[in-house]
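Below you'll find the structure, written out as structure tokens, and then a few comments.
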Amino acid sequence: MRDGLAGLTLRGRAFLAAGLTAIGCAVLLGQTTLTRIGVLVVTLPLIAAFVIGRRRYALTVARAVHPRLVSAGQPARIDLDLANAGRSTAGAILVEDQVPYALGTRPRFVLQGVARQWQRRVSYQVRSDVRGRFEIGPLTIRIADPFGLIELRRMVPGTVPLVVTPRTVALPPIPVMGGWSGSGEHRPQAFAAGSAEDVSVREYRRGDELRRVHWRSSARMGDLMVRREEQPWEARATVLLDNRLRSHRGQGLGSSFEFAVVAAASLVLHLDQHGYAVRLVLADGTGADETSTAVLERLALVSTTQHPVIDVGWTGDQTRGGLVVAVLGGVEQTDTVALRQVRHDAGTALAMVLDVEQWTGRVAQARTTPPPSVSDLGWRTVTLGPRDRLDAAWRDLGRASGRAAAAAGLASARGNR
């Protein structure tokens, strides 16, 4: 009874007030008929509270998310398996699942004919443009009488996680040199290659004999390509994400940091699809050899850090001769030592450098000390703004790689004359 009275709706309170007022007026005026009406009006919400309060629902829910890992902007389906394990029945109940604001409005369902041993499955979709880990649940049920005088809310515990990874951009195939480890020399991966013949070639490097040039592949790819004599054991690649707060501008989804996260996720997926064992490293030096799925899940939760400089403690034997692709924010003079160290250990070093001042919407102010040029440190670089496309920037890096290989080939050919 107490639970029922606690669930009085506005209509129920109005009935009580009107009934008590009618009874009071009837006593003062001596109107017996008005007294009966007042008693009836007061009795209705009390009876409803007694009936609703005695009902004991044992509603259970099993919640499943498909898929558990979803890219930003893509839908995920939530399945709710509901069952009534209690003895109480109801003509209809309102079910509302609790979801974070980023996933949209809370889904609501009206379930009819809830009887003993009742079971039903309901489904709904959620979508988020924001990456992160979200808890879905618990479930709230609303039970009301037919007149709308009493409404009780009960919570059904239980939550499930949904991980929203950064959106990714499909990157075009490009020829990239370096990254292979095993017996013999480090082997590059020709991303533009698609046939068995292409798998056996690599880019020209200074010192290669001209008789090893594969002219057909060179004509098709626009770069000097030479035959490989040995097959590699493993292809390694490291994606370095500069997540320092001082290196980025803007806020929310429109910030340069979120742009960098999308770029890093796209690179991880692209390299994994081309046979590389990918490792993600952050500015503080944390990183591990993980599957691409684990890396994307990590990127779903990554945030900015107050780390002052790029930590290069992860470089060394595992990086030597491998492929390193960096996504950098604003670069300062204090970063040159770290970037030079990474370039020294890597077989190939590519960098996407963000012009972070474009994310402020203001003209960049003059600096007393100009920012260092990453390309002057031996990296192949491309600069991006908020309106630039990742796939086009990646293609430009491939062209820079081709020009570097062609220049090296011409210099070597002249030296052999």
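The table that follows gives values for the structure above.
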quantity	calculated
Ranking of Tyr276, Tyr101 by count of other Cβ atoms within 10 Å, fewest first	Tyr101, Tyr276
3J(HN,Hα) from dihedral phi, segment 350-357, Karplus parametrisation 6.51/-1.76/1.60, rounded to Hz, x for glycine, proline	10, 9, 9, 9, 8, 7, 5, 5
Nonlocal amide H pairs with Val156, under 5 Å, H built at 1.01 Å	Leu139, Thr140, Ile141
Relative exposure of Glu209, Glu290, Glu203, judged by other C-beta atoms within 10 Å (fewest first)	Glu209, Glu290, Glu203
Neighbour-limited loop hits for trypsin sites (Lys or Arg not before Pro), segment 1-108 (at most 10 other Cβ within 10 Å; DSSP other than H, G, I, E, B)	Arg56
Stokes-Einstein D (µm²/s) once Rh is taken as the Kirkwood radius of segment 2-54 over alpha-carbon pairs, at 37 °C in 0.692 mPa s	292 µm²/s
Cα-only radius of gyration and Dmax that characterise segment 18-172, units Å	22.9, 91
Taking His270, His344 and counting other C-beta atoms within 10 Å, the order from fewest to most	His344, His270
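Each value in this text was obtained by applying a stated rule to the coordinates, not by laboratory testing. Just so it is clear, the model here is predicted, and its values are computed rather than measured. Every residue, glycine among them, receives a Cβ derived from its backbone with ideal geometry; neighbour counts consider all protein chains shown.
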